[in-house]
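Novice: If you scroll down you'll find the structure; I have some questions about it.
The values are calculated or read from the model by the stated rules, or taken from the named source; none is laboratory data. Model, not experiment: these values are computed from the prediction. When we count neighbours, we look across all protein chains shown, and the Cβ atoms used for this are built from the backbone with ideal geometry, even at glycine. Keep in mind that these areas ignore ligands, DNA and RNA; they rest on the heavy atoms of the full protein, side chains included. Shrake-Rupley method; radii C 1.70, N 1.55, O 1.52, S 1.80 Å.
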Amino acid sequence: MKKRKGRSSRTAVVSESALQQQIASYRENQNYAEAIKSFKQLLKMAPETDKIELAELYLGRAQQQAQQGRYKDASITWENRQPTLAAESDPSLGDYLLWLLAGGRHERLINLCGQEAYASLIAQQPELQARLFALLLAKPELHSLLAKSRPDWLPPLQQAEALLQSYCHGGSSEALEPLLKQIPFRSPLRGWAQLLRLLLSYEAGATSHELEGQLSRLKSNPTYALLTAPLQADESDHRVNLGRYGTKISGYTPQQQEALTALQQIDEHDNTLFTLMLRHHRTIGSDYVKEQLRHWLPLLTPQHLERYIHIFKNISKDEQLRIAALGEDEHYYPNADELWQGYQKSFNINDPQQRILAAMVQHHRAKQWLNWDNRHQSVKTAKAIVKLLREAIDLYPEQIESYELLLLAYRSYSDYSDKDINQLLTESLQQFPNNVTLLTEAALAASQRSSHKKAATYATKILAVDPINTTARTILVNAHLSHFQKVFKQQKWHLAEKELEHAQKYDRKGSRDPRLPINRALLANFHHKKRDIAIEQLQSALKRCHDNLLVASVLIDLECRKLNIDPKLYTASTSLEAKKSLLPMPIEDKLPTEQQFEQLLVTLKSAYDTLPKEVHGTFRRWYEWLKKCDLDMTSESLCLSCCRLLHEMNQDKLLLDFANYGTLEWPDQILFEFYWIVAECECDPKQAVDVYGEEMMDLADQAYELNDRHTASTIRSYIAQALPPPPDLRGFDLSEQLDKLAMALFGTSEPTTEQIDQIIKMGPNAVMKALLNLE
């Protein structure tokens, strides 16, 4: 992958001496986080500054985090230090290893243990050795990390594992004592061996008083102190094992103890657990068992289903199917669908009530298949899902949920166009003319295709039912502003004034739209030549943008371009433009908040759908200002949302800045890598596939392995845009084509079965590519 371009740094706003004073003040107050930020800013201004102080600040910050119990953060902060000290002489190295252990970064810790500098330090710290040994004993999967470089301090793990297994399987003191004596006195296993002897003494009948000396020695060792507490918990009955001891103090009855013991001894087979829960359903709780096992029914044999129904309820065969289908799981829905299908066929559709039930079943099946397709990329076709919903509508036209789900299905599959969606909305509104949800969908669809008059008609109907509906009011404001732009260009000033008045009527106080005062300002200055009124209206727009001059300036720029007016007369992006514009230049240290910036991009995206040229002009003019907004991004989701919007608007330069920032701040987020490639290739899918095709496929595979199917689908869909359309396979005879391919590859006139098998093993992609090359 190409090397990325560095991001421009912020302009210095304070002097070196002021920064040094800040650092000293922060350090004195133990505010290491801010001290580190100030020191980094100082390094940008004076790269020759000694970095030892920065390493000390990082160490102070790490110690502070460790005191707060944030050991993982402490270890990461320690790693960020400038490596000014050799590992052997760094006094904080031991603390760092303990932080790795306490913070759960075990693989990193074990990898370091094999290095000479760390191994020599560990050899001098018996407590750390004991903890590392316990970690290796608890996690055998870490052993392989030390296979090549086995440090001298590490005792034989096999010996300890044999001891532990012998004890856990009921080994006596006599059997374990020879093994315990093999542990050297100075071995890190010494404390562990003392603990085993203590447990064996307890099981032999010794009391805490008799073993006080051994207990005190272990309690003085921080590694084993916590383990000694349970041994002193019950002087009166110290011989019981932990399992019986736990059930006793919890107050379980003998029957409950029997059930718990049986549960602990079962294997991993579902049927075993199912049988066991049925057997002890009264002890565990019949209602609880009935509800929990209901979800397993589609996975079980008819014998288990019969047993379940015999215990809990005597019901009909059709109802049995329904109960089984209700136990569906998202990972096994195809099994449940067969049961739903059988249950649906049992209805008499001539009976009105059963007809409704049949419709509800078809609706449910379509909903579950739609969810299944989204999660598992199933081969279930869109037509099959749509067919189920059409059957549900035919059976019960009054069920509005089926129309809404059908609308979702149309939008989820490329098989259906905007024309299909519009026809469905028209059909739905004939059945439910006053439904707000359908009216809103129809109004939004009309707005997207710039049919503002029809959108306004739908929105007016919504307000007749729901007078405070904000979506409908926004649609009406957009409709009147669109007509205002039309009559403004025609210089029909009287009509322009009326359109702004109508738009104002639908602009509620809670969602005040800055475009209204902007357009009033443009009308006042352009037509009436009243500069003072224009400035007043622009100030009103600025207030509606929460006094953020950059947001207001970009919106004014866009509205000017819609009316073919020079935006430089109203806003200033440079100090030169500020001399003749009505508004001053934005202030650099008051950039938009994350939410303001995202809302600004949403507004520009809405305009881009109909006025791409104007939006591109706005971005070009304000690029230098907008690219600074990523410096304050703290939300990964908002930064991703901004990247997505910039991608949709083909703003490759600004997208590159945000993608660069995202990969630095959130390196584990695959989408930032993808957006960086998109921006680097100027939002051109073909160029991206030519240059970074393999990298993008790797990113998609990584996302799929992490079960992030949305990211994988996004990347693969983008790659598909650059690929040629699939070949027309109508009349394609695979057998004949394989024979031709075999003759070409093996140079034979009559291919053998072995040769055809060899070709098939190449895989479908390779075979298809070879067949295409034959043409």
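Every residue, every condition in (1) among the aromatic types (Phe, Trp, Tyr); (2) closer than 29 Å to ARG449 by Cβ, yes or no:
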| residue | (1), (2) |
| --- | --- |
| GLU598 | no, yes |
| LEU604 | no, yes |
| LEU611 | no, yes |
| PHE619 | yes, yes |
| SER635 | no, no |
| ASP657 | no, no |
| GLN669 | no, no |
| ASP698 | no, no |
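Novice: Which ones in the stretch 337-360 are free of Cβ contacts under 8 Å to residues at least 24 places away in the same chain and open to solvent by less than 50 Å² (accessible area, probe 1.4 Å)? Outline the logic, then answer.
Specialist: If we filter the stretch 337-360 for residues that are free of Cβ contacts under 8 Å to residues at least 24 places away in the same chain, which is where we start, we get 338, 342, 344-345, 347-348, 350-354, 357.
GLY342, GLN344, PHE347 - these are the residues of the stretch 337-360 that are free of Cβ contacts under 8 Å to residues at least 24 places away in the same chain and open to solvent by less than 50 Å² (accessible area, probe 1.4 Å).
Novice: So which residues in the stretch 23-46 are more than 38 Å from the chain's Cα centre (by Cα) and closer than 25 Å to ALA74 by Cα, if there are any at all? Give the derivation first.
Specialist: Step one: list which residues in the stretch 23-46 are more than 38 Å from the chain's Cα centre (by Cα), which gives 24-25, 28, 46.
Passing the criteria: ALA24, SER25, GLU28.
Novice: Any idea which of TYR396, TYR410, TYR403 is within 30 Å of GLN353 (Cα to Cα), modelled with pLDDT under 85 and in the same structural domain as PRO352 (by the TED database)? If you could, list the steps in order and put the result at the bottom.
Specialist: On the way: TYR396 fails: modelled with pLDDT under 85; TYR403 fails: modelled with pLDDT under 85.
Being within 30 Å of GLN353 (Cα to Cα), modelled with pLDDT under 85 and in the same structural domain as PRO352 (by the TED database) holds for just one of TYR396, TYR410, TYR403, which is TYR410.
Novice: Also, quick follow-up: Taking the stretch 607-627, which residues are surrounded by 15 or more Cβ atoms within 10 Å (Cβ to Cβ) and either among the charged types (D, E, K, R) or in contact with a His (Cβ under 9 Å, 6 or more places away or on another chain) (or both)?
Specialist: TYR608, GLU614, ARG621, LYS627
Novice: Assuming SER749 fulfils every condition listed in (1) touching a helix residue (DSSP H, G or I) at 6+ places or on another chain (Cβ under 8 Å); (2) modelled with pLDDT of 75 or more; (3) surrounded by 12 or more Cβ atoms within 10 Å (Cβ to Cβ) apart from one, which condition is it?
Specialist: With (1) touching a helix residue (DSSP H, G or I) at 6+ places or on another chain (Cβ under 8 Å); (2) modelled with pLDDT of 75 or more; (3) surrounded by 12 or more Cβ atoms within 10 Å (Cβ to Cβ) applied to SER749, the lone miss is (3).
Novice: Could you please find all residues in the stretch 105-129 being open to solvent by 60 Å² or more (accessible area, probe 1.4 Å) and under 37 Å from the mean Cα position of the chain (by Cα)?
Specialist: GLU107, ARG108, ASN111, GLN115
Novice: Just the residues that are outside any helix (DSSP H, G or I), touching a residue at least 40 places away in the same chain (Cβ under 8 Å) and of a type in the set (S, T, N, Q), please, taken from the stretch 635-653. Spell out the reasoning first.
Specialist: From the stretch 635-653, those outside any helix (DSSP H, G or I) are 635, 649-651; that's our starting set.
So of that shortlist, the ones also touching a residue at least 40 places away in the same chain (Cβ under 8 Å) come out as 635, 649.
The answer is SER635, and nothing else.
Novice: Can you name the number of the only condition in (1) open to solvent by less than 10 Å² (accessible area, probe 1.4 Å); (2) of a type outside the set (Asp, Glu); (3) outside any helix (DSSP H, G or I); (4) touching a residue at least 60 places away in the same chain (Cβ under 8 Å) that LEU583 fails?
Specialist: (4)
Novice: Out of curiosity, is GLU56 surrounded by 13 or more Cβ atoms within 10 Å (Cβ to Cβ) and modelled with pLDDT under 80?
Specialist: Values: surrounded by 13 or more Cβ atoms within 10 Å (Cβ to Cβ): yes; modelled with pLDDT under 80: no.
When the stated conditions are applied, GLU56 does not pass them.
Novice: Regarding LEU555, is this residue touching a residue at least 40 places away in the same chain (Cβ under 8 Å) and either over 24 Å from PHE488 (Cα atoms) or in contact with a Cys (Cβ under 6 Å, 6 or more places away or on another chain) (or both)? Lay out the reasoning, then the answer.
Specialist: Numbers: touching a residue at least 40 places away in the same chain (Cβ under 8 Å): yes; either over 24 Å from PHE488 (Cα atoms) or in contact with a Cys (Cβ under 6 Å, 6 or more places away or on another chain) (or both): no.
Taking the combined requirement at face value, the residue does not satisfy it.
Novice: Shifting gears a bit: How many residues does the stretch 79-95 hold that are within 31 Å of the chain's Cα centre (by Cα) and either farther than 18 Å from ARG27 by Cβ or modelled with pLDDT of 85 or more (or both)?
Specialist: From the stretch 79-95, those within 31 Å of the chain's Cα centre (by Cα) are 79-81; that's our starting set.
Among the residues that remain, those that are also either farther than 18 Å from ARG27 by Cβ or modelled with pLDDT of 85 or more (or both) are: 79.
Within the stretch 79-95, residues that are within 31 Å of the chain's Cα centre (by Cα) and either farther than 18 Å from ARG27 by Cβ or modelled with pLDDT of 85 or more (or both) number 1.
Novice: Within the stretch 454-469, identify whether any single residue is closer than 26 Å to ILE565 by Cβ, open to solvent by less than 50 Å² (accessible area, probe 1.4 Å) and more than 36 Å from the chain's Cα centre (by Cα), and answer yes or no. Spell out the reasoning first.
Specialist: Quick first cut of the stretch 454-469, residues closer than 26 Å to ILE565 by Cβ only: 455-456.
Still in the list and also open to solvent by less than 50 Å² (accessible area, probe 1.4 Å): 455-456.
Checking the rest, the ones that are also more than 36 Å from the chain's Cα centre (by Cα) come to 456.
Yes: the stretch 454-469 contains one or more residues that are closer than 26 Å to ILE565 by Cβ, open to solvent by less than 50 Å² (accessible area, probe 1.4 Å) and more than 36 Å from the chain's Cα centre (by Cα).
Residues are listed down the side, and each one gets a yes or a no for (1) without any contact (Cβ under 8 Å) to a residue 60 or more places away in the chain; (2) out of contact with any strand residue (DSSP E or B) (no Cβ under 9 Å at 6 or more places or on another chain); (3) within 27 Å of ARG512 (Cα to Cα):
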residue	(1), (2), (3)
LYS579	yes, yes, no
ALA607	yes, yes, yes
LEU656	no, yes, no
GLY662	yes, yes, no
LYS686	yes, yes, no
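Novice: Oh, and also: Among the listed residues LEU656, LEU671, which satisfies the condition of being within 15 Å of the chain's Cα centre (by Cα), part of a helix (DSSP H, G or I) and not acidic (Asp, Glu)? Give the derivation first.
Specialist: Working: LEU656 fails: within 15 Å of the chain's Cα centre (by Cα).
Exactly one of LEU656, LEU671 is within 15 Å of the chain's Cα centre (by Cα), part of a helix (DSSP H, G or I) and not acidic (Asp, Glu), namely LEU671.
Novice: Taking the stretch 674-701 as the search range and keeping residues that are under 18 Å from the mean Cα position of the chain (by Cα) and at pLDDT below 90, which one is surrounded by the most Cβ atoms within 10 Å (Cβ to Cβ)? Lay out the reasoning, then the answer.
Specialist: Filtering the stretch 674-701 down to residues under 18 Å from the mean Cα position of the chain (by Cα) leaves 674-675, 699-701.
Then drop every residue that is not at pLDDT below 90, which leaves 700-701.
Values: ALA700: 22, ASP701: 13.
That would be ALA700.
Novice: Mind checking which residues of the stretch 586-606 are open to solvent by 80 Å² or more (accessible area, probe 1.4 Å) and either among the polar types (S, T, N, Q) or out of contact with any helix residue (DSSP H, G or I) (no Cβ under 8 Å at 6 or more places or on another chain) (or both)?
Specialist: First, pick out the residues of the stretch 586-606 that are open to solvent by 80 Å² or more (accessible area, probe 1.4 Å): 587-590, 595, 599.
ASP589, GLN595, GLN599, listed by residue number.
Novice: Out of the residues in the stretch 697-726 meeting the condition of being of a type outside the set (Gly, Ala, Ser) and in contact with an Asp or Glu (Cβ under 9 Å, 6 or more places away or on another chain), tell me which one is farthest from GLY662 (Cα to Cα). Outline the logic, then answer.
Specialist: Filtering the stretch 697-726 for residues of a type outside the set (Gly, Ala, Ser) gives 697-699, 701-702, 704-711, 714-716, 718-719, 721, 723-726.
Add one more test, that the residue is in contact with an Asp or Glu (Cβ under 9 Å, 6 or more places away or on another chain), and what stays is 699, 702.
Working: LEU699: 16, GLN702: 18 Å.
The qualifying residue farthest from GLY662 (Cα to Cα) is GLN702.
Novice: What are the pairs with Cβ atoms under 6 angstrom where one residue, in the stretch 473-498, is of a type in the set (D, E, K, R) and the other, located anywhere, is in a helix (DSSP H, G or I) and open to solvent by less than 70 Å² (accessible area, probe 1.4 Å)? Sequence gap at least six, or different chains.
Specialist: These pairs meet every condition: ARG473/TYR506.
Novice: Are any of the residues in the stretch 427-440 surrounded by fewer than 14 Cβ atoms within 10 Å (Cβ to Cβ) and of a type in the set (Ser, Thr, Tyr)?
Specialist: There is no residue in the stretch 427-440 that is surrounded by fewer than 14 Cβ atoms within 10 Å (Cβ to Cβ) and of a type in the set (Ser, Thr, Tyr).
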